[in-house]
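Undergrad: Dumping the structure here so I can ask a few things about it.
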Amino acid sequence: MDNGEWTMDNGEWTMNLEDYILAHIDPEPDYLHRLWRATNLHLNYPRMASGHLQGRVLAMLVHMIRPKTVLEIGTFTGYSALCMASALNPDAVLHTIEINDEQEEFTRPWLENSPWADRIRLHIGDALEILADSPPALPIREGAVCSEQASAFTESSVIAPSQKFPSPTGEGLGVRLGGESPFDLVFIDADKRQYVDYYRAVLPLVRPGGFIIADNTLWDGQVVTVPEGSSSMKRHSVPSAPEGSSPHNGKEAQLQGILAFNDLIAADPAVERVILPLRDGLTLIRKLP
Ligand SMILES: C[S@@+](CC[C@H](N)C(=O)[O-])C[C@H]1O[C@@H](n2cnc3c(N)ncnc32)[C@H](O)[C@@H]1O
């Protein structure tokens, strides 16, 4: 066990709390540790990946929920997808959607070469378009989509079932995922400005009693900061902009997205919810039966 780094502070030996936690939870599996290092070495914004602590939390939640079908919005290098897949039963499946087709060259081999490749389906495209186009028939193919040639996934930003993935039998590969509400668990971890839209798109696809987990919902604590010069002491989400205009850019737009999402979830009678102050904030949502 790595016991973390002790430092002297005001005459007392102390240790960073996260180091202490990491020293007392399950170690990061070797494959994920290698992915973490490669992510930090080769990718911009490596901090977007879930990392050791959140990865173990996601794996534990999957063990507890025991989902048969999982949807992730926002793959990046596949760290969280692999953590969740590692905790799935072998007959369960995790669909993960990544909008950035340039990410695929890095990510697909990490998914394909993992011990959990047979449980993971990577889709390249805009989650909102894919979900609008094909619910609940996301394109999956028999066996591991992970072993599909990368080129087959980069032709279009939107995957059209049965067009992009002709099966060996010539039949379409849009496989129904089991009725109208196929997902037992959805993990939302993509563009913060679109969290409300992701939520609205996935809620009907979650089975009653199923779960949605949303990452970064405390946005580095900024949900409780008040901008300089503000007359109000409370952080409010502002009404969304009229179509075609973009009054909020960058960080502020992402914060506004998170604030709007948190307000929406807090008021939605269709769900139960709790926010864990883990890392950047993790909201656990349960769709009421
Ligand atoms: C924070 S990273 C995901 C990290 C990953 N879930 C993990 O924990 O290791 C967010 C990812 O979402 C992707 N993304 C942004 N908007 C998206 C969309 N509309 N559909 C699918 N992916 C999207 C980004 O390209 C980026 O790779």
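The numbers here are math on the coordinates, done by the rules we state, and not lab data. The structure presented is a predicted model; accordingly, all values stated were derived computationally and were not measured. Positions of Cβ are generated from backbone atoms using ideal geometry, with glycine treated the same way; all protein chains shown enter the neighbour counts.
Undergrad: Need one word for the range 1-103: rounded, prolate or oblate. Basis is the Cα gyration tensor (sqrt eigenvalues a ≥ b ≥ c); a/c below 1.5 gives rounded, then a/b vs b/c decides.
TA: Judged from the Cα gyration tensor, the range 1-103 comes out oblate (a/c at least 1.5, b/c at or above a/b).
Undergrad: Through the Karplus equation 6.51 cos²θ - 1.76 cosθ + 1.60, θ set to phi - 60°, convert the phi angles of the range 212-218 into ³J(HN,Hα) values in whole Hz; use x for Gly and Pro.
TA: Per residue, the Karplus-derived 3J(HN,Hα) values read 10, 10, 10, 9, 6, 7, 10 Hz.
Undergrad: Under the rule of at least 5 residues apart or a separate chain, name every residue whose amide H is placed under 5 Å from the amide H of residue 280.
TA: Those lying under 5 Å, H to H, from residue 280 are 216.
Undergrad: Let me ask another. Among 62, 223, which comes first, second and so on when ranked by fewest other beta-carbon atoms within 10 Å?
TA: Ascending number of Cβ neighbours within 10 Å: 223, 62.
Undergrad: Taking H as built 1.01 Å from N, whose amide H comes closer than 5 Å to the amide H of residue 271, not counting residues under 5 places away?
TA: Residues meeting the criterion, in which the H sits 1.01 Å from N, are 288.
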